[in-house]
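Please read the structure below before turning to the comments.
The values are calculated or read from the model by the stated rules, or taken from the named source; none is laboratory data. Predicted model, so just to flag it, every value in this text is computed and none were measured. Here Cβ is always computed from backbone atoms with ideal geometry, including for glycine, and neighbour counts include all displayed protein chains.
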Amino acid sequence: MRRIFIADAHLRNEADDNYRMLLRFLSTLEGNTETLYILGDLFEFWIGSPHTVFPHYQPVLEQLLRLAQLGTRIVYFEGNHDFHMGTYFTETLQAEVHPGPAIVNIDGKRVFLCHGDQINHRDYGYTLLRAVLHSHVSKLMIPLAPVALTSFIAERMSRQSSRKHGSRSLRWDYPAIIRRFARHQFKRGCDTVICGHFHMPFIERSGSDDDRILLSLGDWINQYSYAELVDGHLSLRVFS
């Protein structure tokens, strides 16, 4: 069984290098991948469930649909740039959508999967913003707004988030935060922790038999990193 994990493509325009690279990568999964786990921020923005999908995302959605039709199960963990995914994912793609972290059983292992935006518990400002945007009220209200307005607001939020990323990296020791979070999940009985969000690709093994694995996925902006699980072996790879 082959399982693939990706995160943080932040797709904008189908002419962009990372967009074309991801489409090429997804095409290589046809017919040979049991499950594709998308751990958030595949899109630069996807907020709400428009009646018609955002047109600039049509190529990647068509490729995901082709994978689904060929038998690949798609599991989507919402990020901080894409949430309230809507019926296209749950009905058309038949995807399993998680609004937050989840522990899943894979080959007898307890695997903690998340986007990663909730790992830094001390970022109180973001924690509050996330609670508002992911609330049931927001989920009901956002689809009522015109798509153009939703897109404008989402683009503005995306630009602000990108500008703040550098300062947050200086303020917070992200590798230490990720490792501390993973240790907590290991104490809860998890064997593996996989996250995105931080755009830092690394894999670390610990425990008496290296049976505890922490994997941070990196991104599909310029790193093109992903994780592959084959016959019980988890590895971090780069697509080229």
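For this structure, a couple of remarks:
- Residues that are touching a Pro at 6+ places or on another chain (Cβ under 8 Å) and closer than 20 Å to Thr72 by Cβ, drawn from segment 20-56: Leu23
- Test result for Val238, touching a Phe, Trp or Tyr at 6+ places or on another chain (Cβ under 8 Å) and either surrounded by fewer than 18 Cβ atoms within 10 Å (Cβ to Cβ) or of a type in the set (D, E, K, R) (or both): yes
- Selection status of Arg12, out of contact with any Lys or Arg (no Cβ under 9 Å at 6 or more places or on another chain), modelled with pLDDT of 95 or more and of a type in the set (Lys, Arg): no
- Any chance Gly40 is more than 15 Å from the chain's Cα centre (by Cα) and either at pLDDT below 90 or at positive phi (or both): no
Condition check ((1) crowded, with 16+ Cβ neighbours inside 10 Å; (2) modelled with pLDDT of 95 or more) across all residues:
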{"site": "Leu26", "(1), (2)": "yes, yes"}
{"site": "His51", "(1), (2)": "no, no"}
{"site": "Gln69", "(1), (2)": "no, yes"}
{"site": "Thr72", "(1), (2)": "yes, yes"}
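- Segment 206-230 residues that are of a type in the set (Ser, Thr, Tyr), paired with ones that are surrounded by fewer than 16 Cβ atoms within 10 Å (Cβ to Cβ) and not in a strand (DSSP E or B) (beta carbon under 6 Å, 6 or more apart): Tyr224/Phe239
- Within segment 25-56, the set of residues being in contact (Cβ under 8 Å) with a residue 12 or more places away in the chain, part of a helix (DSSP H, G or I) and not small (Gly, Ala, Ser) comprises Phe25, Leu26, His56.
Per-residue answers, yes or no, for (1) at negative phi; (2) modelled with pLDDT under 95; (3) outside any helix (DSSP H, G or I):
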| residue | (1), (2), (3) |
| --- | --- |
| Val75 | yes, no, yes |
| Gly79 | yes, yes, yes |
| Tyr88 | yes, yes, no |
| Glu91 | yes, yes, no |
| Val111 | yes, no, yes |
| Tyr126 | yes, yes, no |
| Arg130 | yes, yes, no |
| Leu140 | yes, yes, no |
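- Criterion applied to Ser158, Ser225, Ser167 was being at pLDDT below 95 and crowded, with 18+ Cβ neighbours inside 10 Å, and the one residue passing it is Ser158.
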